[in-house]
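Accompanying notes for the structure given below.
Rule-based calculations on the coordinates, nothing more; no lab input. Computed from a prediction, not measured in an experiment: that's the story for all the values here. Because the Cβ atoms are built from the backbone with ideal geometry, glycine has one as well, and the counts that use them run over all protein chains shown.
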2 protein chains.
Amino acid sequence: MPRPLEFWYEFASTYSYLTASRIEAVAEAARLEVVWKPFLLGPILREQGLDDSPFNVFPTKGRYMWRDVERLCEGYGLAFRKPSAFPRNGLLAARVALVALDLGFGPGFSRAVYHAEFAEDLDIADSAVISGLVEGFGQAPGPLLEQADTAANKQRLREQTEQARRAGIFGAPTLRVGEEIFWGNDRLGDAIALAVLGPG
Amino acid sequence: MPRPLEFWYEFASTYSYLTASRIEAVAEAARLEVVWKPFLLGPILREQGLDDSPFNVFPTKGRYMWRDVERLCEGYGLAFRKPSAFPRNGLLAARVALVALDLGFGPGFSRAVYHAEFAEDLDIADSAVISGLVEGFGQAPGPLLEQADTAANKQRLREQTEQARRAGIFGAPTLRVGEEIFWGNDRLGDAIALAVLGPG
């Protein structure tokens, strides 16, 4: 019996965009269920003494990342435009994603956020941008954004981020199967193999 | 005409051990030539403000790395014992590797260094350990270590490290094909594909 594949993602993360765009197709081929887990990487990085994206703190690594993401998008046939600001603040998107996941369009909404951010260079911290995406799923954005902004929903996101921290997650995307974590878009195949075949 | 695959490695690096152990088999299957490029990651990390391995500076990332390397070694059928000290100083090994590469046993010597370090928990900064490895290739260690210690050979390693820096290398292992670099053991397949198929 295959185990579910947890996909832990942060909306500011370029490599999470890549995984979000391909995980459903790959998981479907392996008959796996994907559990979408938005979280905030910022608090976890701050705990490690990083006040900005590692790709900004370490510019050589950043230059590599942009080239790498560009060529991976080419390979996947995925639209990409280097954003004019990085990282974007993914807080609002993550809160809305939790509500969208309850309502059944969380994966589609999450992919739409990434597309807005990394293919259209839109600011995903702008509630007008997020509202537009919500409308694209036939939902009234007003009530949905209100629900996303409740204390209970904010607390849920904090708890999910805390769960990520406790699971040993330090970057995004992270794939999780049982207690095992795999960091990075590159490791989707390893996570799938573990979910399907089990340990050993 | 396939292009050569450059393998940039640092002896202190766990993930370089993994790549060193499998790159020849993978490259041979693709009929590629591997160019072994030992360099020192320390000076490059120091330039980025890191005075220790990122796996020590960021302990959560470190805990993940040790588990990840352990399970990857299991998967590759590769011996692994978590070293009692990390990172080891790879300076001597890198200097000797340059000489061994000239003499035609550089890849084998490099793999032997990694095995001593990550399967036997030996200190590769100890010249007795390195001498023992050199002897295993039927070479007299005295003259070889002397040659490794010449000003000219030391300068060669500095230059190779400077070449790495100029190529945008910030971690190990890095695979390089033409001007494109791929960081990490995970990306060996991508580098091979580019070397074999060319861009696009």
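The set of residues from the range A:49-67 being crowded, with 16+ Cβ neighbours inside 10 Å and among the polar types (S, T, N, Q) comprises A:Ser53, A:Thr60. Test each condition in (1) more than 19 Å from A:Ser53 (Cα to Cα); (2) part of a loop (DSSP other than H, G, I, E, B) for A:Lys82 and report the one that comes out false. Unmet condition: (1).
Let me confirm something: among A:Gly171, A:Gly189, which residue is touching a Lys or Arg at 6+ places or on another chain (Cβ under 9 Å), within 12 Å of another protein chain (Cβ to nearest Cβ) and either among the hydroxyl-bearing types (Ser, Thr, Tyr) or closer than 27 Å to B:Arg187 by Cβ (or both)? Lay out the reasoning, then the answer.
Values: A:Gly189 fails: touching a Lys or Arg at 6+ places or on another chain (Cβ under 9 Å).
Result: A:Gly171 is the single residue among A:Gly171, A:Gly189 that is touching a Lys or Arg at 6+ places or on another chain (Cβ under 9 Å), within 12 Å of another protein chain (Cβ to nearest Cβ) and either among the hydroxyl-bearing types (Ser, Thr, Tyr) or closer than 27 Å to B:Arg187 by Cβ (or both).
Considering the range B:3-60, the qualifying helices (runs of 4 or more DSSP H), each wholly inside and each with 1 or more residues that are under 27 Å from A:Gly171 (Cα atoms) and within 16 Å of the chain's Cα centre (by Cα), run over B:14-29, B:42-47. Scanning the range A:9-30 finds no residues that are within 14 Å of chain B (Cβ to nearest Cβ) and exposed (fewer than 13 other Cβ atoms within 10 Å of the Cβ). Scanning the range B:165-191 for residues that are farther than 15 Å from B:Tyr15 by Cβ, buried (at least 22 other Cβ atoms within 10 Å of the Cβ) and touching a helix residue (DSSP H, G or I) at 6+ places or on another chain (Cβ under 7 Å) gives a single hit, B:Val177.
For the condition away from every other protein chain (no Cβ under 14 Å), over 15 Å from B:Thr14 (Cβ atoms), touching a residue at least 24 places away in the same chain (Cβ under 8 Å) and not in a loop (DSSP other than H, G, I, E, B), what is the one hit in B:Val113, B:Val96, B:Val129?
On the way: B:Val113 fails: over 15 Å from B:Thr14 (Cβ atoms); B:Val129 fails: touching a residue at least 24 places away in the same chain (Cβ under 8 Å).
Residue meeting the stated conditions: B:Val96.
Scanning the range A:40-49 for residues that are in contact with a helix residue (DSSP H, G or I) (Cβ under 7 Å, 6 or more places away or on another chain) and away from every other protein chain (no Cβ under 14 Å) returns a single hit, A:Leu40. Name every residue in the range B:153-164 that is over 21 Å from B:Tyr15 (Cα atoms) and touching a helix residue (DSSP H, G or I) at 6+ places or on another chain (Cβ under 7 Å), in order of residue number. Result: B:Asn153, B:Lys154, B:Arg156. Regarding the range B:56-65, can at least one residue be identified that is touching a residue at least 24 places away in the same chain (Cβ under 8 Å), under 30 Å from A:Arg165 (Cβ atoms) and not charged (D, E, K, R)? Taking every residue of the range B:56-65 in turn, at least one turns out to be touching a residue at least 24 places away in the same chain (Cβ under 8 Å), under 30 Å from A:Arg165 (Cβ atoms) and not charged (D, E, K, R). The residues in the range A:161-200 that are farther than 15 Å from A:Gln48 by Cα and among the basic types (Lys, Arg) can be counted, and the count is 2.
Restricting attention to the range A:1-56, the residues being of a type in the set (S, T, N, Q) and closer than 12 Å to A:Ile192 by Cβ number 1. One residue stands out in the range A:68-93 among those that are surrounded by 14 or more Cβ atoms within 10 Å (Cβ to Cβ) and of a type in the set (Gly, Ala, Ser): the one that is nearest to the other protein chains (Cβ to nearest Cβ), namely A:Gly90.
Please specify each residue of the range A:132-148 satisfying the condition of being assigned to a loop (DSSP other than H, G, I, E, B) and either closer than 19 Å to A:Ala12 by Cα or of a type in the set (S, T, N, Q) (or both).
So in the range A:132-148, the residues assigned to a loop (DSSP other than H, G, I, E, B) come out as A:136-140.
Across the range A:132-148, the qualifying residue is only A:Gln139.
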